[in-house]
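Asker: Sending over a structure as structure tokens; questions will come in a sec.
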Protein chains: 2
Amino acid sequence: MNNYFLRCITCKKEFDPQPGLYYCEDCGYIMGTLEVVYDYDTLRVDAFLKERIFDKKASMYQFDFLLPTKPKCKFDEHIGGTPLFRFDLLGIKNVLVKYDGSNPSSSYKDRASSVAINKALDEGNDILFCASTGNAASSLAMLNAHTDIKTYIFVPASIPAGKRAQLEISGAEVMAVEGTYDEVYDVSLELGLKKGWYCRHAAINPYLLEGKKTGAFEIIIQNDFEVPDYVLIGVGDGTVISSLYKGFWEFKEIGLTDKIPRIIGVQAEGIPAIKEVFDKGKPYVPLAIKGNTVADSISVGNPRDVIKACTYIEACNGYFIALTDEEILDAIAELGKETGLFAEPAGAVPFGGLKKLIYEEKITESDTVCLVITGNGLKDVSAVEGLINTESLSIKELEKRFE
Amino acid sequence: MNNYFLRCITCKKEFDPQPGLYYCEDCGYIMGTLEVVYDYDTLRVDAFLKERIFDKKASMYQFDFLLPTKPKCKFDEHIGGTPLFRFDLLGIKNVLVKYDGSNPSSSYKDRASSVAINKALDEGNDILFCASTGNAASSLAMLNAHTDIKTYIFVPASIPAGKRAQLEISGAEVMAVEGTYDEVYDVSLELGLKKGWYCRHAAINPYLLEGKKTGAFEIIIQNDFEVPDYVLIGVGDGTVISSLYKGFWEFKEIGLTDKIPRIIGVQAEGIPAIKEVFDKGKPYVPLAIKGNTVADSISVGNPRDVIKACTYIEACNGYFIALTDEEILDAIAELGKETGLFAEPAGAVPFGGLKKLIYEEKITESDTVCLVITGNGLKDVSAVEGLINTESLSIKELEKRFE
């Protein structure tokens, strides 16, 4: 097992890892503030780090020297190792596209769920819980189905039948609770922490970001250790963007790279909670806003990882932008036409963000840009139904057309 | 380029490969009968075949010495190389599960589409066409979007908006034709062959089975060259089952294995067209039946690859069985609960078939069985909406439950 400890990014207090310790006792559990700190000094002088990476099959566990647990589940060797494509897009010659829609449950969330399950096994916990209506829950339910650990998922009773069906099919016990998402989240978190169930909330449990950061590691190794100038990523709760920063930072810290990219968070104009906090400046004060967007995976008014997200993005000279729903839907369609890749709305926002930043001349031809697509378009087909052409042809008209 | 020629499995006539030559001039194009024949004698004495496989990144192009084209597209290195899981299921200790839902377009069809696109590029063709309402079309549209070759997809005008949207989003030109699927298929095939467009119909174009057979190769190499006793696969048009036989046969022919598994085709009782032809016995006479099933990807009344499917399955001492829609839906749910894997209905039928054959004592504890799951459950979430529990809890009831 690797050596690591926990440190609060707000008050800098340090903690020894212990089962059930997810949050800083002084700063509370409403927002995630703990980060996992490894023995970077030892890793920096390890001459065989690259060999340790490439000796293993492509997956998130290639980077086991920077992870807080070891792979023990059937799915682990198939999580991560997702494609990095290179396209000439929108006049920019080097657009890298990291496509996480091909993870087992078709989203980026598998990287965090895998760590959660392995940590729960390490600690001998027999229940894992999560409040989510979407990708985090279906990921946990799928990856945990074959273990002896129970999966409890807390959702608002109002979620669509299809989403609930996916959770139940993967063997999770679904608690459909009459209340808003925020109410369900709060009551389940309180219950889970009290009961000592293993917590799969990436914004609270610091170990889950450790799984998510492997996306950054893969971008680097798949691009021959060249660091892109910009990385664009959709932002809801703030966990993926925080994890990407941590990954890029760690690779620089241990000497595998020499810079950190500017990370740009793309939100929906309908509910840009983290952007508002960031734009107001330090000290970052969490807020809860109301709003909505077609991009359900980033429709978050009360983001739980806002402190880390703002602190980290400031550290890499990044910033946040926001798109209208129309821009988001256009981004799905244009990304598809240019690359073939079908992204869920929240997965397409980096492409929409790139388009906006090119228009504003903030990103130019010579920049290397990486877009991170976090979810498969099949996750939300209904979002794109409005985009179709409705023309039809009779057989005679068809034959005539191609005479 | 590998040496190969084409041979009709019905009349045994041989042909030199030529652009536009997809069918035997004597036996016609209504059914696929040509197969691609390589120089097996030379491959059999090649002492470095395994090195040639394992020197490459895991993908369908690891087996380039048995493919009719070379990879030239961005997606090629990410097609195939899909997981093979090992589970203890239904009392059978060694159940291998090949999960092709993690291909780029989330189905097995990518293996054939990739070959179609690379062959069209080889031949300098500028249009690829396909009649399909489902996985074949969305696969072709996605993988071909970034090339200069146009994609024409012919569908009945009545297909759901979501399916059409996925096709258009990936840049395909969708011809929505007023007619039944069979009418649209026939008119588009006639038109495409007349115009000389490249044909992406796996039952007609023999090269496409070459892509699909790589699933069999992967099962072998991922299981350390041990051949399973049984392989179960869903059957509609008959192309995947035919391709699996060819793959297992070729690995035996070149000396990499010493047997071919018994391949069992699983159809839907509502429309078991190939089973009916097979059960009547030789000579296999194609028929068109009417019917329906919840498993839309195998809802085929006029299967185009019936001759190959029956001939090959007889050769490996296999057979066909059929499941009711209820058994198919149960299979999705039970597969999910046991493994976490979420399969579309046609992808879950091998699990349902295994259950049936265990009940009938045709498969027993000591057999090694491989189930091939051809499509991600996200392809058809509506199919499982009826499976959910509809109970909900108030917050008070929730708290009480866990007191």
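None of the figures in this text is laboratory data; all of them are computed from the coordinates on show. Computed from a predicted structure; not experimentally measured. Virtual Cβ from ideal backbone geometry, glycine too; neighbours counted across all protein chains shown.
Asker: Please order A:312, B:230 by the number of other Cβ within 10 Å, starting at the fewest.
Answerer: Going from least to most buried by this count: B:230, A:312.
Asker: In whole Hz and in residue order, list the ³J(HN,Hα) couplings for the stretch A:246-263 that follow from phi through the Karplus curve 6.51 cos²θ - 1.76 cosθ + 1.60, θ = phi - 60°; x for Gly and Pro.
Answerer: 4, x, 5, 4, 5, 5, 5, 4, 9, x, 7, 9, 10, 8, 10, x, 6, 9
Asker: Further question on the same structure: Using the eigenvalues of the Cα gyration tensor, what equivalent ellipsoid semi-axes result for the stretch A:5-114 when each is taken as the square root of five times the eigenvalue, whole Å, largest first?
Answerer: 30, 19, 17
Asker: Could you tell me which residue out of A:232, B:96, A:185 lies farthest along the dipole of the protein assembly as shown toward its positive end? Charges go on the beta carbon: Lys and Arg +1, Asp and Glu -1, centred on the Cα centre.
Answerer: B:96
Asker: Okay, moving on. For each pair in A:109/B:246; A:362/B:74; A:252/B:212; A:337/B:72, compute the distance between the two Cα atoms and list the pairs where it is over 31 Å.
Answerer: A:109/B:246; A:252/B:212
Asker: Using θ = phi - 60° and the Karplus curve 6.51 cos²θ - 1.76 cosθ + 1.60, what whole-Hz ³J(HN,Hα) does each residue of the stretch B:295-300 get, with Gly and Pro shown as x?
Answerer: 8, 4, 5, 10, 8, 10
Asker: Sort A:275, A:252, B:379 by Cβ crowding within 10 Å, fewest neighbours at the top.
Answerer: A:252, A:275, B:379
Asker: Using only the alpha-carbon atoms, what does the protein assembly as shown span along each of its principal axes? Please give whole angstrom values in decreasing order.
Answerer: 82, 60, 54
Asker: What's the center-to-center distance, using Cα atoms, between the stretch A:316-392 and the stretch A:1-35 in Å?
Answerer: Their Cα centres are 35 Å away from one another.
Asker: When Cβ neighbours within 10 Å are restricted to other protein chains, what is their mean count per residue of peptide B:148-158?
Answerer: 1
Asker: Could you give the size of the charge dipole of the protein assembly as shown about its Cα centre, using +1 on the Cβ of each K and R and -1 on the Cβ of each D and E, expressed in debye and rounded to the nearest 20?
Answerer: 640 debye
Asker: With r as the distance between the Cβ atoms of residue A:161 and residue B:126 and R0 = 56 Å, compute the FRET efficiency 1/(1 + (r/R0)^6) and round to 0.05.
Answerer: 0.80
Asker: Suppose the chain between residue B:314 and residue B:399 were pulled fully straight at 0.36 nm per residue; how much longer would it get relative to their current alpha carbon spacing?
Answerer: 24.6 nm
Asker: If you put +1 on each Lys and Arg Cβ and -1 on each Asp and Glu Cβ, how big is the dipole of the stretch B:181-271 around its Cα centre, in Debye rounded to 20?
Answerer: Magnitude of the dipole: close to 260 debye.
Asker: Moving on to the next point. Amide H to amide H under 5 Å from residue A:370: which residues, 5+ apart in sequence or cross-chain, H placed 1.01 Å off N in plane?
Answerer: When sequence neighbours closer than 5 places are left aside, the close amide H contacts are A:96, A:230, A:231, A:232.
Asker: Once you list every other residue whose beta carbon is under 13 Å from the beta carbon of residue A:94, what net charge do they have if Lys and Arg are +1 and Asp and Glu are -1?
Answerer: -4
Asker: Over chain A, what lengths in whole Å, largest first, do the semi-axes of the equivalent ellipsoid take, defined as the square roots of 5 times the eigenvalues of the alpha-carbon gyration tensor?
Answerer: The three semi-axes for chain A are 32, 26, 22 Å.
Asker: Axis carrying B onto A: which residue of B has the nearest Cβ, and how far, whole Å?
Answerer: Checking which Cβ lies nearest the axis yields B:378, 2.
Asker: For n ≥ 4 DSSP H runs only, could you compute -39500 (n - 2.57) per run for chain B, divide by its residues and tell me the 222 nm figure to the nearest 500?
Answerer: After summing the helix terms and dividing by the residues of chain B, the value is -10500 deg cm²/dmol.
Asker: Note down the net charge around residue A:85, summing +1 for each Lys or Arg and -1 for each Asp or Glu among other residues with Cβ under 13 Å from its Cβ.
Answerer: Its environment carries a net charge of -3.
Asker: Whole-Å semi-axes of the stretch A:173-264's equivalent ellipsoid, largest first, each the root of 5 times a Cα gyration tensor eigenvalue?
Answerer: The equivalent ellipsoid of the stretch A:173-264 has semi-axes of 34, 14, 10 Å.
Asker: Over the Cα atoms of the stretch A:240-315, each weighted equally, I'd like the Debye log10 I(q)/I(0) at q = 0.14, 0.24 Å⁻¹, rounded to two decimals.
Answerer: -0.48, -1.08
Asker: A further question on this structure: Please report B:92, A:271 as a ranked list, fewest other C-beta atoms within 10 angstrom at the top and most at the bottom.
Answerer: If I rank by nearby Cβ atoms, fewest first, I get B:92, A:271.
Asker: Cα-based Rg of the stretch A:110-206 per 2.2 N^0.38 Å, rounded to two decimals?
Answerer: Dividing the Cα Rg of the stretch A:110-206 by 2.2 N^0.38 Å gives 0.97.
Asker: Still on this structure, please answer the following. Need one number: the % of Cα-Cα pairs in the stretch A:153-195 sitting beyond the 16 Å mark.
Answerer: Percent of Cα pairs beyond 16 Å in the stretch A:153-195: 36.
Asker: Still on this model: Convert each backbone phi in the stretch A:95-109 into a coupling constant with the Karplus relation 6.51 cos²θ - 1.76 cosθ + 1.60 (shift: θ = phi - 60°), then list the ³J(HN,Hα) values in order as whole Hz, x for Gly and Pro.
Answerer: Going residue by residue, I get 9, 8, 10, 8, 10, 8, x, 9, 5, x, 9, 6, 8, 4, 4 Hz, with x marking Gly and Pro.
Asker: Let's see if you can work this out: charge +1 on each Lys and Arg Cβ, -1 on each Asp and Glu Cβ, no other charges. What is the dipole magnitude of chain A about its Cα centre, in debye to the nearest 20?
Answerer: Charge dipole of chain A: 480 debye, to the nearest 20.
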